[in-house]
Amino acid sequence: MTKSFIEKYKPKNLEDIPQDTQMLLKLIKEKNNILIHGLTGTCKTSAVYKIADTLNYELLELNASDFRNRENVEKIVGENSKQTSLFNKKKMILVDEIEGLSGDQDRGGMQALARALEETKYPIIITTNNLNNEKIKEIKKAVKIIKFEPINSKQIEIILKKICDNENIEYDNIQIKKIAINSAGDIRAAINDLQSSIINNKIDAAEMTQRDYEITIENAMNTIFKSKSLHSYKITEYINADLDEIMLWLDENIPIEFDDLEDIENAYNKLGKADLFKSRIMRWQYWGFMHYQNIMLCSGVSLSRKNTKAKAVTYKRPMLPLKIWQSNMRNAKKMSIAKKLSNIVHTSTKKIIKNFEKYRLFLKEPQVLKEIELDEEEITFLNKK
Amino acid sequence: MAGSSIWTEKFRPKSFDEVAGQRDTVKKLKALVESKNLPHMLFSGPPGIGKTTLALIVSKQLHGNNWKQNFLELNASDSRGIDTIRTQVKDFAKTMALESESPKIILLDEADALTKEAQQALRRTMETYANSCRFILSCNFVNKIIDPIKSRCAIFKFKPLTKEDSLEIIKKIARSEELKIDENAVNKLYELTNGDIRQLQNVLQSCSSISKTITENEINEFAAKIESNDIKEILNLAFSKKFLLSRNKMLDTILNNGLSGIDIIKQIQREVMEFNMPEEKKLNIIEKCGEIEFRLVEGSNEYIQLESLLAFIAKN
């Protein structure tokens, strides 16, 4: 039986890991206890393994499949953390997926771990998906916390393409992009999806079922408005909408989400700055500004929340494009009348439109109607209101 | 061709002698036309005091019955950019003036609507066609015209009409159109239109299409009907912290009236001056207006930028 891609393409070196691992490496070297948090498939465990390889440390591991009650934790973490290794090798300890430590069976495990964190001679590294889990409240005080962000979809694409090349699989860029975006930054999911969509050495991504956590624009609004995080801008990679559309959505929903005037002002101020970068992109054709547009837009709005209390909000679809279209329809007649009039009265159409109400009444006089040759629709427009 | 039924045209002066006010300018222009040696010219002054009228008269005096073939009227604020203007000028200027030894006249109205870059390009165009054409540029503010253009033009500064001149015009129309208009109505009309004869004639024609007898009341009613309090209401809502209502009202105002973002900012700025609040606050708002206007000039999204201005006002 062939190996799954996940096994086969496990990262070989620390450099293969699509995360910034230097800080983690440094902290481990300095014997810090560390809590790594991040969504699944962001290479938390792999990073720890590869760091152990790089530093040539012996890695001891406790994961969800081990019983993690007090004795077990003490046996593995406690004793090892005091003894030196048989071969005089330095050691590090990995407690993977700490939230798997459950009440009954792992009774006392958490306290044992907390004690071990204080006494250990070797760095203990803990991983979790959820930093806000009640159970790890105590632990958090004794560790340095590092966050692994969802993996950039461009990086995921690169990894997927490498695998395809290696396996002689035919692909096109759009399929790869689709898989990468679908994974929402979970590299493991992306590789699995890649493998499962291969039919006769070709990718058939059309049939691929979407992952549960595909992000709709409403979800993205929720993340941006509720997260209070500088990192919320990363969401824009995972939704099927461009920055202009996100801007429209934010614009519509800021006054719905926020009720504190200061928060509203901050949010619009950041939106205005994002828009300014957009106009600079257009003016200078320099797309490097897009990064700033993105951050001002999403993170800017996220961090605007200061005084507004969290509440459930149903986000509204932007109304502005529709309103603009409707008013263009309405104003088209005004424009065509002004154009006809402009030549006769030696006045710009702009001026006429601005002062339209000063013209409307006498334009309806029969001789005038005849002179400027208005059509029926234009006459109807004059008579409205 | 029968005369126009629109009063601004029907009562537009057709010769130098009919022009109200601008006595010095008329005298000089008359002399220039007689000498048949015209320079490029720049007419500056507030709207509705005779700039376009005199340009038309100059052309008529020069070319008599053929004036229409030898006259091109362009509007800087309507033409899409200097390139459109250049093409139109090029096509018009290619031929020498028809059956006439005088140069053709190109009237470029609202020349101060052109950007500095466009004015630079215009300067070249003026030189290229100087053999066959003369430009008359009209503008409200002479300081918005770049120096190289000013130095190529004879500058005529048009003065606001005196009240007597305006009243004379009203009386003339009243006689011709058989209107009954009393003294108070005349004064009110003058006040309302502030010496802008184009507006004055439009308002007068509007009122007369309701009734041939015009009193102060008719004028007031009409003024109330066309006067817009939208911006004041938008600001009031913002000041009373009703941001959402204020924003929606602003969007409707822009969209219903086809206003530009700059129009709105200018009005906000004017209205804020009138509000009853500490001067320092007003200053802050006006500073913000300036920043937002700058962004609009740079090509930013009008709605987003105006909303941020409004949010700023509401917060303060």
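For the reader, a short list of remarks on this structure follows.
- Segment A:Glu118..A:Glu99, full-extension length gain: 4.8 nm, with 0.36 nm per residue of separation and the alpha-carbon distance subtracted.
- Applying 0.36 nm per residue to the separation of B:Asp83 and B:Lys116 and subtracting their alpha-carbon distance, the gain on full extension is 10.5 nm.
- Most simply put, the protein assembly as shown has about 5% antiparallel DSSP beta bridges, counting only bridges with both residues inside it.
- Convex hull volume per residue, computed on the Cα atoms of the stretch B:216-266, equals 95 Å³.
- Residues within the reach of a label modelled at A:Asn383 (point 7 angstrom out along Cα to beta-carbon, backbone nitrogen below 11 Å), restricted to the stretch A:321-340: there are none.
- One chain, two ends: A:Glu373 and A:Thr45. Fully extended at 0.36 nm per residue, the span grows by 110.3 nm beyond their Cα-Cα distance.
- For the protein assembly as shown, the calculated P(r), taken from all Cα-Cα distances in 10 Å bins from zero up to the bin holding the longest distance, is 3, 11, 16, 17, 15, 11, 9, 7, 6, 4, 2, 0 percent.
- Among the trypsin sites (Lys or Arg not before Pro) in the stretch B:32-97, those located in a DSSP loop and surrounded by at most 16 other Cβ atoms within 10 Å of their own Cβ are B:Lys36, B:Lys68, B:Arg80, B:Lys94.
- Placing a pseudo-label 7 Å from each Cα along the Cα-to-Cβ vector at B:Glu287 and B:Asn220 gives an inter-label distance of 4.3 nm.
- Hydrophobic long helices, here whole DSSP H runs in chain B with Kyte-Doolittle means of at least 0.0 and Cα atoms spread over 15 Å or more along the helix axis, are found at B:51-63, B:243-257, B:302-315.
- Protection-proxy order for peptides B:275-282, B:190-197, A:51-58, each taking the mean of Cβ atoms within 10 Å per residue, highest first: B:190-197, A:51-58, B:275-282
- Using a Förster distance of 25 Å, the FRET efficiency for B:Glu164-B:Asn140 (Cβ separation, nearest 0.05): 0.60
- Measuring nothing but how far apart in sequence close Cα pairs (under 8 Å, 6+ apart) lie, relative to its length, the stretch B:167-316 scores a relative contact order of 20 percent.
- Averaged over A:353-361, number of beta-carbon atoms from partner chains that fall within 10 Å: 6
- Using alpha-carbon coordinates, inclination of helix A:243-257 to the longest axis of chain A, degrees: 90
- The modelled label-to-label distance between A:Asn240 and A:Glu30, using points 7 Å beyond Cα along the C-beta direction, is 4.6 nm.
- Relative contact order of chain A, taken over Cα pairs closer than 8 Å and 6 or more residues apart, is 13 percent.
- Charged neighbours of A:Met290, selected by a Cβ distance under 13 Å, balance to -2 (K, R count +1; D, E count -1).
- Separation of alpha-carbon centers, the stretch B:101-143 and the stretch A:19-38, rounded to whole Å: 70
- Cα Rg, Dmax (largest Cα-Cα span) when computed across chain B, Å: 22.8, 68
- Trypsin sites (Lys or Arg not before Pro) within the stretch A:252-324: DSSP coil, no more than 16 neighbouring Cβ in 10 Å: A:Lys306, A:Lys309, A:Lys311, A:Lys316
- Alpha-carbon centroid distance for the pair the stretch B:171-198 / the stretch B:21-60, whole angstrom: 25
- Taking all protein chains as shown and a probe of 1.4 angstrom, A:Thr314 keeps an accessible surface of around 120 Å².
- One Cα centroid belongs to the stretch A:304-376, the other to the stretch B:258-316; the line between them spans 22 Å.
- At the listed q of 0.16, 0.22 Å⁻¹, the Debye profile of the stretch A:106-243, built from one uniform point per Cα, gives log10 I(q)/I(0) equal to -0.90, -1.23.
- Between B:Glu34 and B:Lys150, the FRET efficiency from the beta-carbon distance, with R0 = 30 Å, is close to 0.75.
The values are calculated or read from the model by the stated rules, or taken from the named source; none is laboratory data. None of the values given here were measured: they were computed from a predicted structure. Counting neighbours? That spans all protein chains shown, and the Cβs are built from the backbone with ideal geometry, glycine included. Calculation scope for accessible area: heavy atoms of the full protein, side chains included, ligands and nucleic acids excluded. Shrake-Rupley method; radii C 1.70, N 1.55, O 1.52, S 1.80 Å.
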